[in-house]
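Below: one structure, written as structure tokens.
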Amino acid sequence: MAQDTSSLKTNLPVSLPSRAVRVWRERIIACILFLAAISSVFTTLTITYILFSETVIFFEKAMERQKIPLGQALLEFFTSTDWSPLIEPIGIGILPLLSGTLTTCFIASCVAVPLGTIAAIYLSEFAPAKVREILKPILEILAGIPTVVYGYFALLFITPLLQKVILGAQKFFLPGKEEWEYFQLPGFNMLGAGIAVGLMVLPYICSLVEDALQAVPLELREGSYAMGATRIQTAFKVLLPAATSGIVAAYILGFSRAVGETMIVAVAAGLQPRFTFNPLEAAATTTAFIVSVSLGDLPHGSLEYQSIFAAGIMLFFATLLMNVIGYFLSRRYREVY
């Protein structure tokens, strides 16, 4: 009787690689992972070095142009409200750019934080499965829209809408005046740009806050319901405090994203550096200034060209400060289950 050779072949033991081969494979994989990890650190250190070295050149040229010592140049940089490195007499006060950046980011936070948190609570705790399947892709689409589209949306839709609302409110509360006597919202303003930045940041905050809420153990929800709490009470009095660490991290990440936004503020907020915190006025942000100067025909190494690195290092420190604050707040309110 002939034996079934196929069954014999399948039952044969599979030859395993030798121990030396396995060790070398693991070493190669470990080296690849180490190179991938160290590359990010190297990139960050390189960016930091370039920013600092180019900023030093900016101050050297500013000292040479204005005939002032280093201490006075640093004092003017951090305290002066005149930022005009492109025209004579030059001004190197960074406060106008910082005021525009902080104002637009504050408006964006006022839009994105409450709407993103409420949307995340609804998707996590209240939305049916079919509704969640529809809303989640819509939020992902919002996150994928190019920022220049948001900029023109703010310029051509949000700002005209705000102009009509503000003018209508003035006519309602202050009747009897001529049209020219009312306040006219300019076409470029920080309010419209900030709202657009908030809409852009909204999907990031909503997604991260929802992930933080989903990470809360189910036992806390069941315990709250067992004590007689409603779904709203459970969401706001149990889940939000339990997920505070992740929620704070989401807010910090959203604010950092708003600080670094470029095209929206460049299109809708204006390009004139002005020290003001009035959102109804036009002003330039740090990123908008960098874009406007980088696209010009300025000679490399000039004071005008080096000014983009001085503005960029302020963005670097602002983002670093936000990440440090987020790290300590996350550790402070972290809950371990």
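Quick note: the coordinates plus some simple rules give every number you see, no bench work behind them. Keep in mind that this is a model prediction, so the values were computed, not measured. All Cβ positions, glycine included, derive from the backbone under ideal geometry; neighbour counts span all protein chains shown.
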Dipole check, region 10-124, charges on Cβ (K,R +1; D,E -1), about Cα centroid: among Ile28, Leu123, Ile90 the Cα furthest to the positive pole belongs to Ile28
Of the convex hull enclosing the alpha-carbon atoms of the chain, the direction-averaged projected area in nm² is 32.5
Charge dipole of region 94-332 built from unit charges on the beta carbon (Lys, Arg +1; Asp, Glu -1), centred at mean Cα; most positive-end Cα among Ser99, Ile247, Leu320 is Ile247
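Give me the dipole magnitude in Debye, nearest 20, for the chain about the Cα centre, with unit charges on the beta carbon: positive for Lys and Arg, negative for Asp and Glu.
Values: 22 positive and 23 negative charges, 227 e Å.
Once rounded to the nearest 20, the dipole reads 1100 debye.
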Summing -39500 (n - 2.57) over every DSSP H run of at least 4 in the chain, dividing by its residue total and rounding to the nearest 500, the 222 nm mean residue ellipticity is -22500 deg cm²/dmol
The long-range amide H neighbours of Ile92, using H built 1.01 Å from N in the peptide plane and a cut-off of under 5 Å, are Ser84
Proxy exposure order for Trp83, Trp24 (fewest C-beta within 10 Å first) is Trp24, Trp83
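Net charge within 15 Å of Glu133 by Cβ-Cβ distance, Lys/Arg positive one each and Asp/Glu negative one each, not counting Glu133 itself?
Values: positive: Lys130, Arg132, Lys136; negative: Glu140, Glu210.
Around Glu133, the charge tally is +1.
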In degrees rounded to 10, the 0-90 angle between helix 19-66 Cα long axis and the longest Cα principal axis of the chain is 10
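Highest first, please rank the peptides 144-155, 265-276, 36-47 by the mean number of other Cβ atoms sitting within 10 Å of their residues.
On the way: 144-155: 17.0, 265-276: 22.3, 36-47: 10.0.
Averaged packing, sorted descending, gives the order 265-276, 144-155, 36-47.
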